[in-house]
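First up is the structure itself, then whatever we jot down about it.
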């Protein structure tokens, strides 16, 4: 998985990581005007990522003329950053392994995990298409990890093994999509324009969308088409839009840099509206690189109690515990963090715990943690709890009181929060704290669509000629106020593929 800081944003350097060629080569292939033979495209796709690529591939395979535009200098979108985790029920791989599963069971699990907050129309559409999409990806070369499918990883568990990804995460998916996409380009039915942000949707006098205006090589150009598909992703690298739509500050900068919310603004500009504003949810956090906000991620800490039983306590800026540290449900842990100031907390422990407990940081030794704490930035140490509180910014009285009550619980075996794993008190200096920052890298708010993925206005009327798919719909539509495994990548792939298979094309196309 590419780190944000190593995503190369110039065309020449991007070519060195095995993506598409330089921009000059692309321009020569596409042509400065990027216009089809009759000056009209069957489908114009805004966004060459997880949803846009399969839409282009399948529309082209049906004989359609496709224009694909993206503001980035490479195709792939968030697949460069994504873990590529997919979920699908009723796949060929499941059947070969004797796993009995169905789209109905998948739907029920999504609605259970999201506590009914996901959009049932979109979820139903997504899970019904998921198995055939995963089968197709495997047909064209995707290889899930050997033990897959699995029950879960990093999210609430499914009721059956339907969770898959490849060894290179999202780039495993991108590799097989790129091969298919380039084959369709060679057939002459797809034009691709990179570094070409779409600046406006064009509307006919009758109200139908009939094309786009885009910036290319410093000039505004018009491209006309029968259908426009907004597959431009979310806004997770736009801190101002993040605060406007979600109401929270963005504390971690770990998303795809071209996720700027372009498609959402385009939909709003012609009467579409956004939904999902109340659906924000933080993950349970990671260790930031520094004290800035937003910051990059330095590393993680293992907070899953079934993988590593917790020795430490978790406290907020007031020095208060806010969840039992061995709470088995990641969903409950995430919801407990959401109301904490800045979705921030500290993992607090003492020297005896550091010496005896398994390291909570993968590939870090106890000595590594001590060394990091010497710098007193993100990792902290002090001789007393009061001094530790002063260095971290935690309320000293609150921290001392919390540790005292926790130690009482360890001694009695009756923790105030109901924690079961109580291996030792926090009593032997020096004391330590590691700052954890909750964050989200998916956009919860998105474009409102109907069950056919047509962009709709506030009255529920579809805007003719305009569809939307992928993260542009908002992560909340397929996961609700939860993180449901595989319900970001798979719906984007599946619904992009579905639109490529079904959107009306010209009469001469194979429909």
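Being touching a helix residue (DSSP H, G or I) at 6+ places or on another chain (Cβ under 9 Å), touching a residue at least 12 places away in the same chain (Cβ under 8 Å) and in a helix (DSSP H, G or I), is that true of even one residue in the stretch 332-343?
Yes, the stretch 332-343 contains a residue that is touching a helix residue (DSSP H, G or I) at 6+ places or on another chain (Cβ under 9 Å), touching a residue at least 12 places away in the same chain (Cβ under 8 Å) and in a helix (DSSP H, G or I).
Failed condition for residue 437, given (1) in contact with a strand residue (DSSP E or B) (Cβ under 7 Å, 6 or more places away or on another chain); (2) over 23 Å from residue 329 (Cβ atoms), with all others met?
Of everything listed in (1) in contact with a strand residue (DSSP E or B) (Cβ under 7 Å, 6 or more places away or on another chain); (2) over 23 Å from residue 329 (Cβ atoms), residue 437 misses just condition (2).
For residues in the stretch 449-478 being touching a helix residue (DSSP H, G or I) at 6+ places or on another chain (Cβ under 8 Å) and part of a loop (DSSP other than H, G, I, E, B), which is surrounded by the fewest Cβ atoms within 10 Å (Cβ to Cβ)?
Within the stretch 449-478, the match that is surrounded by the fewest Cβ atoms within 10 Å (Cβ to Cβ) is 451.
Within the bounds of the stretch 424-447, is there any residue that is surrounded by 21 or more Cβ atoms within 10 Å (Cβ to Cβ), under 23 Å from the mean Cα position of the chain (by Cα) and farther than 30 Å from residue 345 by Cα?
Checked against the condition, which is being surrounded by 21 or more Cβ atoms within 10 Å (Cβ to Cβ), under 23 Å from the mean Cα position of the chain (by Cα) and farther than 30 Å from residue 345 by Cα, the stretch 424-447 yields at least one hit.
Take residues that are under 30 Å from residue 296 (Cβ atoms) and modelled with pLDDT under 95 and tell me which of the strands (runs of 3 or more DSSP E) falling wholly in the stretch 174-256 contain 2 or more. Talk me through it step by step, then tell me what you get.
Numbers: elements: 190-193, 198-203, 209-216, 219-230.
Here the list is empty.
Restricting attention to the stretch 260-292, which residues are under 30 Å from residue 364 (Cβ atoms) and in contact (Cβ under 8 Å) with a residue 12 or more places away in the chain?
As a first pass, look at the stretch 260-292 and keep what is under 30 Å from residue 364 (Cβ atoms): 281-292.
Matches in the stretch 260-292: 281, 282, 283, 284, 285, 286, 287, 288, 289, 290, 291.
Filter the stretch 174-195 for residues that are over 20 Å from residue 141 (Cβ atoms) and more than 23 Å from the chain's Cα centre (by Cα) and give the result.
Once the filter is applied, which keeps residues that are over 20 Å from residue 141 (Cβ atoms) and more than 23 Å from the chain's Cα centre (by Cα), the stretch 174-195 yields 188, 189, 191, 192, 193.
Tell me the residue from 191, 217, 205 that is at positive phi, in the same structural domain as residue 494 (by TED's automatic domain parsing) and surrounded by fewer than 23 Cβ atoms within 10 Å (Cβ to Cβ), please.
Unique residue meeting the criteria: 217.
Checking the condition in contact with a helix residue (DSSP H, G or I) (Cβ under 8 Å, 6 or more places away or on another chain) and either over 22 Å from residue 228 (Cβ atoms) or surrounded by fewer than 22 Cβ atoms within 10 Å (Cβ to Cβ) (or both), which residue from 121, 156 passes? Spell out how you get there, then give the answer.
Working: 121 fails: in contact with a helix residue (DSSP H, G or I) (Cβ under 8 Å, 6 or more places away or on another chain).
It is 156.
Given the options 272, 263, name the one that is under 30 Å from residue 65 (Cβ atoms), part of a loop (DSSP other than H, G, I, E, B) and modelled with pLDDT of 95 or more. I'd like the intermediate steps shown before the answer.
Numbers: 263 fails: part of a loop (DSSP other than H, G, I, E, B).
Every option except 272 fails the conditions.
Only one of these is at negative phi, in the same structural domain as residue 337 (by TED's automatic domain parsing) and within 20 Å of the chain's Cα centre (by Cα): 293, 259, 237, 232. Name it. Walk me through how you get there before you give the answer.
Numbers: 259 fails: in the same structural domain as residue 337 (by TED's automatic domain parsing); 237 fails: in the same structural domain as residue 337 (by TED's automatic domain parsing); 232 fails: in the same structural domain as residue 337 (by TED's automatic domain parsing).
Exactly one of 293, 259, 237, 232 is at negative phi, in the same structural domain as residue 337 (by TED's automatic domain parsing) and within 20 Å of the chain's Cα centre (by Cα), namely 293.
Contact list please: Cβ distance under 6 Å, first residue in the stretch 58-71 and surrounded by fewer than 24 Cβ atoms within 10 Å (Cβ to Cβ), second residue part of a loop (DSSP other than H, G, I, E, B) and modelled with pLDDT of 95 or more, pairs at least six apart or on different chains.
Close Cβ pairs satisfying both conditions: 71/197; 71/258.
Take the residues in the stretch 23-45 that are in contact with a helix residue (DSSP H, G or I) (Cβ under 6 Å, 6 or more places away or on another chain) and modelled with pLDDT of 50 or more; name whichever of them is farthest from residue 265 (Cα to Cα). Can you show your working first?
Looking only at the stretch 23-45, we keep the residues that are in contact with a helix residue (DSSP H, G or I) (Cβ under 6 Å, 6 or more places away or on another chain), and these are 23, 43, 45.
From the residues that got through so far, the ones that are modelled with pLDDT of 50 or more too are 43, 45.
Details: 43: 20, 45: 16 Å.
Among them, the one singled out is 43.
Could you please give the count of residues in the stretch 134-149 that are free of Cβ contacts under 8 Å to residues at least 12 places away in the same chain and part of a helix (DSSP H, G or I)? Give the steps one after another, and end with the answer.
Going residue by residue through the stretch 134-149, those that are free of Cβ contacts under 8 Å to residues at least 12 places away in the same chain are 139, 146-147.
Still in the list and also part of a helix (DSSP H, G or I): 139.
The qualifying residues number 1.
So, in the stretch 159-173, of the ones that are in a loop (DSSP other than H, G, I, E, B) and surrounded by fewer than 22 Cβ atoms within 10 Å (Cβ to Cβ), which residue ends up nearest to the chain's Cα centre (by Cα)?
Of the stretch 159-173, the ones in a loop (DSSP other than H, G, I, E, B) are 159-162, 165, 167-169.
Cutting the leftovers down to surrounded by fewer than 22 Cβ atoms within 10 Å (Cβ to Cβ) gives us 159-161, 167-169.
On the way: 159: 22, 160: 23, 161: 21, 167: 18, 168: 16, 169: 12 Å.
The extreme case among them is 169.
Provide a single number: the residues in the stretch 54-93 that are out of contact with any helix residue (DSSP H, G or I) (no Cβ under 8 Å at 6 or more places or on another chain) and not assigned by TED's automatic domain parsing to the domain that holds residue 495.
Of all residues in the stretch 54-93, those out of contact with any helix residue (DSSP H, G or I) (no Cβ under 8 Å at 6 or more places or on another chain) come to 63-65, 67, 69, 72.
With the extra rule that they be not assigned by TED's automatic domain parsing to the domain that holds residue 495, the set shrinks to none.
The total comes to 0.
Quick one: which of 428, 442 is under 26 Å from residue 308 (Cβ atoms), touching a strand residue (DSSP E or B) at 6+ places or on another chain (Cβ under 6 Å) and at pLDDT below 95? Steps first, please.
Values: 442 fails: touching a strand residue (DSSP E or B) at 6+ places or on another chain (Cβ under 6 Å).
After applying the criteria, what remains is 428.
The values are calculated or read from the model by the stated rules, or taken from the named source; none is laboratory data. Nothing here was measured: the structure is a model prediction, and the numbers come from that model. When we count neighbours, we look across all protein chains shown, and the Cβ atoms used for this are built from the backbone with ideal geometry, even at glycine.
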